[in-house]
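The values are calculated or read from the model by the stated rules, or taken from the named source; none is laboratory data. A quick note: this is a predicted structure, and the numbers were derived from the prediction, not measured. Neighbour counts are summed over all protein chains in view; Cβ atoms, including those assigned to glycine, are modelled from backbone coordinates with ideal geometry.
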Amino acid sequence: MDLLGVVGVSAGAVAIPLSAVSASTAVAAISQGASQQSGAGGGGGGEPAKDDPRLAKFSVKVSCEDPGRLGKELDGKIVVLRNKKLYLDDSDPQHRMFEDGHPFSGFFIDYPVGKKELGLVSTISKDPPELNWIYADSDTLELKYGNKTASEHHIPGPWDWTDDQTALTLDEWEGFVAAEESPGVWVVHYDRDDDHLKGVRGSDKSVVEVGLERRILK
């Protein structure tokens, strides 16, 4: 795992520049932060190996089995971070909708509050390369990103992966949907109540079930 994957987490607040923390602090943090993980990949305890798959950095691609027009439109898109939310955009940089969208680039690590459940972080920019926690807003169920203070009173986990390690889960299931925020603009949500967000959005917006697939970054 590279230095980028550990520096922000080592400082607790996460959303800080890499230059603010020393390399030695980063190494210590990854040992402390990951040694207690037990959800992803089965094996907890002990210091993580350099090739621990839980610490592998990955992007997120969307899969959609809906046979309709919207399903075909969304299948294959990627997750990008912008305006504190997780949006969908084209996988081809030449056809991106959002100039300010930052492609998801994250990994699993323990969330530092409460039960220390498995959390999820992503870089939020290239310069400076900062990390934020990924969480579901407990009121709107939108997937968002922010520092510990912004995330701790919402749903910051437990995150994990499916048995074959290919897709993301939140609270032990793949309960994700994309909701159309405005024409052609889709935001990823956690469908906590398995009702296509009717409890929080009503029925006036298009909502499509999606899977969030991990794509390991080399």
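Assorted remarks:
- Yes/no for Ala49 being assigned to a loop (DSSP other than H, G, I, E, B), more than 16 Å from the chain's Cα centre (by Cα), of a type outside the set (D, E, K, R) and at pLDDT below 75: yes
- Test: residue in the stretch 189-206 that is in a strand (DSSP E or B), of a type in the set (A, V, I, L, M) and surrounded by 13 or more Cβ atoms within 10 Å (Cβ to Cβ): no
- Selected residue (criterion: nearest to the chain's Cα centre (by Cα)) from residues of the stretch 60-88 that are closer than 25 Å to His154 by Cβ and assigned to a loop (DSSP other than H, G, I, E, B): Lys84
- Within the stretch 189-217, restricting attention to residues that are charged (D, E, K, R) and under 14 Å from Leu88 (Cα atoms), the residue that is farthest from the chain's Cα centre (by Cα) is Glu209.
- Meets criteria (without any contact (Cβ under 8 Å) to a residue 40 or more places away in the chain, part of a strand (DSSP E or B) and aliphatic (A, V, I, L, M)) for Val177: yes
- Subset tally (residues that are in contact with a Leu (Cβ under 8 Å, 6 or more places away or on another chain) and not in a strand (DSSP E or B)) for the stretch 138-155: 1
- Some residue of the stretch 77-90 being surrounded by 14 or more Cβ atoms within 10 Å (Cβ to Cβ), within 23 Å of Trp173 (Cβ to Cβ), modelled with pLDDT under 95 and not aliphatic (A, V, I, L, M): no
- Residue match in the stretch 89-108 (condition: within 20 Å of Pro156 (Cα to Cα) and in contact with a helix residue (DSSP H, G or I) (Cβ under 7 Å, 6 or more places away or on another chain)): yes
- Matching residues, the stretch 207-218, being under 15 Å from Glu65 (Cα atoms) and either among the charged types (D, E, K, R) or surrounded by fewer than 17 Cβ atoms within 10 Å (Cβ to Cβ) (or both): Glu209, Glu213
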